[in-house]
Structure formats: C-alpha cells, structure tokens
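One structure below.
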Amino acid sequence: MTEVDMLIIGAGPSGLYAAYYAGFRGFSVAIMDSLPELGGQVSALYPEKLIYDVAGFPAIKGQDLVDALAEQAASAAPTYLLGHRGEELEVQDNCVVVRTHRGASVHAKTVLITGGIGTFTPRPLPDAEAYENHGLVYFVPHLDDLAGLDVLIVGGGDSAFDWAVSLENRARSLTLIHRRTAFRAHQGTVDKVLASSVRVLTPYEVARIRGGSDVESVEIFNNATQERETIAVQAVVAALGFTADLGPFTRWGLEQRKRHIVVDSAMRTSLARVFAAGDIVEYDGKVKLISVGFGEAATAVNNAAVVINPAAHVFPGHSSAAP
C-alpha cells in the first residue's frame with residue numbers, strides 16, 4: 001500500500017507539472033498511469049511532433065517537453081506506479097483509496113485526475129484492417145520511418161496538418177486530402193502547408209487502399225464531382241480523429257459531460273477530495289491546450305492544499321518572492 005498526500009492519475013504533461021507543483025507546495029506525491037512510460041499520449045504517439053503552445057518555447061518536440069517536465073517533477077520525489085490502471089476509487093472520510101488492475105492500492109488525501117480522454121478507437125478507412133501497420137498508421141512516433149516514401153495524409157484537423165509540416169522535408173512526396181473544403185486545424189499551420197510543396201486536395205476521400213502485403217496505392221475521389229484518382233503511395237497517415245472512452249472513470253460516480261469530467265473553477269469534481277485537470281475536464285469556456293492544462297494543474301493543486309492541510313492557504317505566495 002502507498003500512502004501520499006496526492007495521487008495523480010495520468011503521467012502526461014499536465015500530470016507531470018502537477019507533480020512538480022505538489023512538491024513545490026510540500027506534498028508527497030504518487031503518479032499512476034496505465035502506460036509503462038512517462039509522457040502519456042505525447043510519448044506514446046507524438047514524441048517527434050513539434051508543439052507550439054507551450055510558454056517559453058517557439059516550438060519544442062513532444063519528447064523533449066516530456067523529458068524536461070519529468071526532470072522538473074523529480075524535485076517532488078514522486079512514487080511512480082507506471083503500467084497500473086486505476087480500476088476502483090473509494091472516497092472515505094479522510095482519504096481516497098484507489099486500487100489498480102494489478103492489485104496495488106494507494107491511500108491519498110486527495111486525487112488529481114490528469115489522464116487523457118481514455119481509450120481511443122480510430123475512425124475507420126476503407127480497407128483499413130488489411131493494411132494497419134503495413135503502410136497504414138494513425139500516428140507517426142518516428143518521422144524517419146516515413147523518410148523517402150510517398151505519403152498520403154487523410155484528415156483536416158491539427159494532427160493532419162502538423163504531420164504535414166513535420167514530414168514535408170522527409171517524405172519523397174506528400175499529399176493531404178480532406179473530405180470538406182474547410183479545415184479544423186490552426187489557421188497558421190494551414191497557411192504554412194498551403195504555401196508548401198504539400199499537395200492539398202479537397203473535398204476528397206479514400207475510396208480504396210490497394211497493395212499486396214503492404215500499401216502500394218490509394219484510390220481517392222472528389223465527393224462533390226465523383227472524380228477519381230489513384231495515387232502511388234507507400235504510407236497512409238489516417239489522422240481522422242478518435243472516439244473517446246473514459247474507461248474506469250465512468251464507474252467512479254464522477255459527473256460527466258461530452259465524455260469528459262465536469263469540474264468547477266477550482267478544478268473540483270463532483271466527488272469530495274477528487275480534482276481533475278487537462279484534456280479530460282469539461283467546463284464552460286474550456287480550451288484544450290497543453291498550456292491551459294498546466295494552469296489547471298496548478299489551480300487544482302493549490303485548491304487541494306486546503307483539503308490536505310486545513311491550515312494551508314489556496315494562494316501559495318509568489319515563487320519569486322524573497323524568503
């Protein structure tokens with residue numbers, strides 16, 4: 001059994017920053033994550049992807065950000081429970097007990113949930129099952145895996161355009177298609193791709209993927225004119241989005257909305273002693289940015305402080321103030 005002031009569930013950027021900040025407030029910390037490594041989805045799925053919304057960095061690779069956050073969190077000497085999925089949560093009078101699928105249990109005065117938005121099911125493409133990991137991928141953990149290849153990116157959101165920016169100088173040729181004429185990505189990134197060598201086609205969709213054991217070509221069609229074209233490619237990046245599943249969180253009695261955990265302005269959930277921050281939370285005006293997650297994590301820790309120690313204050317004082 002592990003006993004701590006705060007258990008953080010989720011070892012992504014928001015969780016790592018929360019661990020540092022909890023240590024800054026003098027609390028003992030444990031970090032739990034179902035993945036076997038720190039960084040959450042960033043390390044598992046986007047380690048080489050450039051991130052543009054972190055204060056102080058015009059651009060930083062996902063893994064570089066995680067490494068820096070882990071170094072910062074180390075100052076709190078956290079207890080790590082990686083590869084542990086929280087299955088049961090029980091709120092008691094003076095603590096919260098969380099039990100994992102591997103039989104571990106944590107008794108914490110407070111819990112801060114900073115996980116991503118659960119388990120993901122990718123939205124399907126025609127012939128997807130036959131070519132998954134044989135030329136068809138949903139993420140690009142290592143950009144050099146696609147170096148020198150003809151690549152088709154399918155999608156119109158931030159991920160699709162971020163991959164296009166990252167792969168332009170690595171792929172032999174790069175085509176991006178989207179089923180609508182409007183995009184959901186950040187306008188600055190869209191403008192950058194449109195001004196690049198990337199071939200952008202709208203409103204186009206995938207009709208069929210062809211090949212032997214691996215992808216060799218893709219037939220695409222204009223859904224307005226039904227015009228068809230076959231593109232010779234060896235790799236397809238299906239950046240089409242995912243269906244979220246909160247998994248065990250749905251069984252804990254937390255108020256939810258739009259498959260997210262509802263919190264108030266103090267990052268409190270509907271359960272006593274349980275807070276949440278990052279992409280998993282929902283409230284009016286929520287903006288899903290890593291930088292926002294950092295602020296939410298600090299807000300949650302400071303408000304948890306008075307639960308951990310009733311004599312504490314929500315406002316910690318300025319870290320730059322003279323001792």
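Quick check on region 206-215: of everything there that is surrounded by fewer than 15 Cβ atoms within 10 Å (Cβ to Cβ) and not basic (Lys, Arg), which residue is farthest from the chain's Cα centre (by Cα)? Residue satisfying both the conditions and the ranking: Gly212. Residues in region 73-87 include at least one that is closer than 17 Å to Ala277 by Cβ and assigned to a helix (DSSP H, G or I). Restricting attention to region 40-60, the residues that are at pLDDT below 85, in a helix (DSSP H, G or I) and not hydroxyl-bearing (Ser, Thr, Tyr) total 3. Scanning region 166-215 for residues being of a type in the set (Lys, Arg) and over 15 Å from Ile153 (Cα atoms) gives a total of 2. Taking region 287-323 only, how many residues are in a loop (DSSP other than H, G, I, E, B) and either within 17 Å of Leu16 (Cα to Cα) or in contact with an Asp or Glu (Cβ under 9 Å, 6 or more places away or on another chain) (or both)? Total meeting the criteria: 3.
Does Val151 fit the bill of being touching a Leu at 6+ places or on another chain (Cβ under 6 Å), part of a strand (DSSP E or B) and in contact (Cβ under 8 Å) with a residue 40 or more places away in the chain? Criteria met by Val151.
For every residue, the table says whether it meets (1) assigned to a strand (DSSP E or B); (2) not basic (Lys, Arg).
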{"site": "Ser197", "(1), (2)": "no, yes"}
{"site": "Glu205", "(1), (2)": "yes, yes"}
{"site": "Arg210", "(1), (2)": "yes, no"}
{"site": "Ser213", "(1), (2)": "no, yes"}
{"site": "Phe221", "(1), (2)": "yes, yes"}
{"site": "Pro248", "(1), (2)": "no, yes"}
{"site": "Gly253", "(1), (2)": "no, yes"}
{"site": "Ser265", "(1), (2)": "no, yes"}
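On the given criteria, is Phe242 within 23 Å of Leu89 (Cβ to Cβ), modelled with pLDDT under 95 and of a type in the set (A, V, I, L, M, F, W, C)? No; evaluated as a whole, the condition is false for this residue.
Answer yes if at least one residue in region 135-144 is among the aliphatic types (A, V, I, L, M), closer than 23 Å to Ser213 by Cβ and in a loop (DSSP other than H, G, I, E, B), and no otherwise. Walk me through it before giving the result.
Here is the first cut: in region 135-144, the residues among the aliphatic types (A, V, I, L, M) are 136-137, 140, 143.
Imposing the further condition that a residue be closer than 23 Å to Ser213 by Cβ reduces the set to 136-137, 140.
Subset that is in a loop (DSSP other than H, G, I, E, B): 140.
Taking every residue of region 135-144 in turn, at least one turns out to be among the aliphatic types (A, V, I, L, M), closer than 23 Å to Ser213 by Cβ and in a loop (DSSP other than H, G, I, E, B).
Would you confirm whether or not region 103-124 contains a residue that is surrounded by 15 or more Cβ atoms within 10 Å (Cβ to Cβ), within 29 Å of Glu3 (Cβ to Cβ) and either polar (S, T, N, Q) or without any contact (Cβ under 8 Å) to a residue 60 or more places away in the chain (or both)? For region 103-124, residues surrounded by 15 or more Cβ atoms within 10 Å (Cβ to Cβ), within 29 Å of Glu3 (Cβ to Cβ) and either polar (S, T, N, Q) or without any contact (Cβ under 8 Å) to a residue 60 or more places away in the chain (or both): present. Note on region 32-86: residues that are farther than 26 Å from Asp158 by Cβ and surrounded by fewer than 18 Cβ atoms within 10 Å (Cβ to Cβ) total 10.
Quick grid of which residues meet (1) under 22 Å from Gly247 (Cβ atoms); (2) modelled with pLDDT under 95; (3) within 24 Å of the chain's Cα centre (by Cα); (4) not assigned by TED's automatic domain parsing to the domain that holds Val301:
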position: Ser105; (1), (2), (3), (4): yes, no, no, no
position: Gly115; (1), (2), (3), (4): yes, yes, yes, no
position: Tyr138; (1), (2), (3), (4): yes, yes, yes, yes
position: Thr175; (1), (2), (3), (4): no, no, no, yes
position: Val190; (1), (2), (3), (4): no, no, yes, yes
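The values are calculated or read from the model by the stated rules, or taken from the named source; none is laboratory data. Given the structure is predicted, the values throughout are model-derived calculations rather than measurements. Positions of Cβ are generated from backbone atoms using ideal geometry, with glycine treated the same way; all protein chains shown enter the neighbour counts.
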